[in-house]
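Only one structure is covered here, and it is reproduced in the block below.
The values are calculated or read from the model by the stated rules, or taken from the named source; none is laboratory data. None of the values given here were measured: they were computed from a predicted structure. Neighbour counts are summed over all protein chains in view; Cβ atoms, including those assigned to glycine, are modelled from backbone coordinates with ideal geometry. Areas reflect the complete protein model, heavy atoms only, side chains present, ligands, DNA and RNA absent. Shrake-Rupley method; radii C 1.70, N 1.55, O 1.52, S 1.80 Å.
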Amino acid sequence: VVEKSLAMDNIFVIALIFSFFAVPAKYQHRVLFWGIIGALLMRGGMIFLGSELILRYQWILIIFGAFLILTALKMALIKGNDDPSQNIAVKLARRLFRVVDFYDGQRFFTRRTVKPTYSTDPATGRQIMDPPPPGTLSAKWAITPLFLALILVEVTDLVFAVDSIPAIFALTPDPFIVFTSNIFAILGLRALYFCLA
C-alpha cells in the first residue's frame, strides 16, 4: 500500500512527459516497457545498497527519515519547474548527442535527417513508413524525442525512488519485501498510466 501510494505521483509526471513530447499513443507502451525495466534494475541496486547500509549501520534510518522530511518540506514550499525541456538530463543529452525533433516510428535512435513520410498499403489499408529519400541518411546516429521521453521517465523514477525506498525501509528491513513491493508497485504503474490515459 505504501509503495503503491508513493508511485501514484509518478503516473502524473509520466503523463506530463508524454504530453510535452507529444508521444503518440501507439509508442507510449514502448517507453513504459523500457522505463520499467530500467526502474527495476536501478531500484534493485538502490535497495541492495540500502539494505547493506542498514544492516551495518542501524542509525542510517534516522538519516533516511530526515531526508524524507526535507523532501516533503521542499515539495510543499518550493515551486518546481514544469517544463521537461529544462531538465538537466534532457539538456545534457541535447549537448552530448545529436537530437532530431521528429519521431522515426518507435525507434529510440535514427539516422534520418528528414521527417519520415507514410503511405497507405493498398492491400491492408494500414499506414506504412516510406523509405528515406536518397541522400537523407546521416552517417551519425541521432536521438529521437522518444528516447528523450525515456530518459526523463528514468530520471523521474530515480527521483521518486529516493523517496519511496527509505519510506519502505522504515517499515521493514527485509530487502526481499522491500524489493518485491517495489516491483509490484512499478509493474502496476503501466496499467495505472493507461487507466489514467
Margin query: Could you tell me the center-to-center distance, by alpha carbons, between region 106-122 and region 14-39 in angstrom?
Written below: 19 Å
Note to self: Treating only the Cβ of Lys, Arg, Asp and Glu as charged (+1, +1, -1, -1), what charge dipole size does the chain show about its Cα centre? Round to the nearest 20 debye.
What the structure shows: 620 debye
Next item on the list: With r as the distance between the Cβ atoms of I88 and D174 and R0 = 35 Å, compute the FRET efficiency 1/(1 + (r/R0)^6) and round to 0.05.
Entry: 0.55
Margin query: Name the residue from W141, P166, T120 whose Cα lies farthest towards the positive end of the charge dipole of region 95-172, charges +1 on Cβ of Lys and Arg and -1 on Cβ of Asp and Glu.
Written below: W141
Notebook entry, point to check: If you place +1 on the Cβ of every Lys and Arg and -1 on the Cβ of every Asp and Glu, how big does the dipole about the Cα centre of region 7-100 come out, in debye to the nearest 20?
Noted result: 360 debye
Margin query: Using a 7 Å offset from Cα along Cα-Cβ at F97, what residues in region 137-155 end up with backbone N under 18 Å from the label point?
Written below: 138-155
Note to self: Report the per residue volume, in Å³, of the convex hull enclosing the C-alpha atoms of the chain.
What the structure shows: 143 Å³
Check: What nm value, rounded to one decimal, do you get for the distance between F33 and V114 when each label is placed 7 Å out toward the C-beta?
Finding: 3.1 nm
Checklist line | Carbon/sulfur fraction of accessible area - the chain, other protein chains in place, 1.4 Å, % | finding: 70 percent
Notebook entry, point to check: Nearest 0.05, what FRET efficiency do Y57 and R107 give at R0 = 41 Å with Cβ-Cβ as r?
Noted result: 0.35
Notebook entry, point to check: Hey, what's the chain come to in accessible area per residue, 1.4 Å probe, Å²?
Noted result: 60 Å²
Next item on the list: Could I have the simple spin-label model distance between A197 and T124, label points 7 Å from Cα toward Cβ, reported in nm to one decimal?
Entry: 2.0 nm
Item checked: Among V100, A66, Q86 the positive-end extreme of the charge dipole of region 46-172 (Cβ point charges) -> V100
Checklist line | Span-rule helices in the chain, defined as complete DSSP H runs reaching 27 Å or more along the axis (Cα) with Kyte mean at least -1.0 | finding: 2-20, 25-56, 145-171, 175-196
Checklist line | Peptide ranges 22-34, 62-74 listed from the most packed, as the mean C-beta count within 10 angstrom indicates | finding: 22-34, 62-74
